[in-house]
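What follows is a short report on a single structure.
The values are calculated or read from the model by the stated rules, or taken from the named source; none is laboratory data. Just so we're clear, the structure is a prediction, and the values are computed from it rather than from any experiment. Methodologically, a virtual Cβ is constructed for each residue, glycine included, from the backbone with ideal geometry; neighbour enumeration extends over all protein chains shown.
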Amino acid sequence: LHRVDRRQRQMCIRDRFRSFLFTVVTNLIIDRERRAKVRDHDAHEPFSDTLYSTWNNEPEKCAGIAEKLIEIENVLENINPHHKSAFVLCRVEGKAYREISDILGVSVSTVEKYISAALMAIRNKVQD
């Protein structure tokens, strides 16, 4: 009788562990899918020189792009220097927000706000 009781407890523990493990794995899969939707990695396309080499045959398109780049440079010259620094460090030099916050001596949240303000200024100018 003692053996049966002991065996039953082991099975109960094993069943609880399996249930726990199943719940953990299910939640991890759900979290991974949720994050993938938010980040939408599949929507990004890598830059390809061969794909954009056709622009050489389209001078109007090149001229339009050059004008937009000049507009963006003008916006960057006229915005707050902190916003410009954060934007350039992030978008041009490819630094992470944490690195930028260490360089500028501000919090990561402040870096996010600086970059957001710079992007908003650029967007407003380019859309006009």
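Scanning the stretch 100-113 for residues being surrounded by 14 or more Cβ atoms within 10 Å (Cβ to Cβ) and either among the polar types (S, T, N, Q) or in contact with a Cys (Cβ under 9 Å, 6 or more places away or on another chain) (or both) gives a total of 4.
Within the stretch 70-98, track down each residue that is loosely packed, with under 15 Cβ neighbours inside 10 Å, under 20 Å from the mean Cα position of the chain (by Cα), of a type in the set (D, E, K, R) and in a helix (DSSP H, G or I). ARG91, ARG98, listed by residue number. What do you reckon, is VAL4 part of a helix (DSSP H, G or I) and at pLDDT 80 or above? No; evaluated as a whole, the condition is false for this residue.
VAL106 falls short on exactly one of the conditions (1) modelled with pLDDT of 90 or more; (2) part of a helix (DSSP H, G or I), and that condition is (2).
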